[in-house]
Amino acid sequence: MRKVKSARKLGRTASHRKATLANLSTQLLLHKRIETTEAKAKETRKYVEKIITKARKGTVHAQRIIFRSIRDKAAVRELFEDIVGRVGDRNGGYTRIIKLASRYGDAAKMAVIELVDYAEMPAETPKAAKTDRSRRVRGSKKAQAGAAE
């Protein structure tokens, strides 16, 4: 009887899929937020959450196991020094997927995957006060009169 496997194949061979997920997870650990297709985001979430759970142990053995799949010293260092410190008390659910509009070129479903504790709201920049029109407009009579004085 046929059994359904839970993983998505993403239209790739096994080795290409492994490399894609490793690259996506490396970039997620470095940048804390990436934009990709919805299917890749869902697969990356599985991959990254297992890695973060292993990293919470903080042992050298855990580092070596994680380095087998990540293969980027900067990403592994970031994971063990910064990310584990923020998610140490969380019991899973380290990532969030936010669905976006379809991609223009091929109408692929897009999504943003981000680490939960790093989601920052964009800082509201105060609007600059409008300058006087006489200073903004080059040929203004007021600007010419002010320069003549």
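The values are calculated or read from the model by the stated rules, or taken from the named source; none is laboratory data. Just so you know, these numbers come straight off a predicted model, no measurement behind them. Glycine also receives a Cβ, built like all others from the backbone with ideal geometry; neighbour counts cover every protein chain displayed. The area values use the complete protein model at the heavy-atom level, side chains included, leaving out ligands, DNA and RNA. Shrake-Rupley method; radii C 1.70, N 1.55, O 1.52, S 1.80 Å.
Some observations on this one:
- On the basis of the beta-carbon distance and an R0 of 30 Å, Lys3 and Ile97 show a calculated FRET efficiency of 0.70.
- Sorted peptide list for 34-45, 1-12, criterion being average Cβ within 10 angstrom, highest first: 34-45, 1-12
- Rounded accessible area of Lys18 (nearest 10 Å², 1.4 Å probe): 140
- Largest first, the residues Asp72, Asp89 sort by 1.4 Å accessible area into Asp89, Asp72.
- Equivalent ellipsoid semi-axes - Cα gyration tensor, segment 1-56, angstrom: 21, 14, 10
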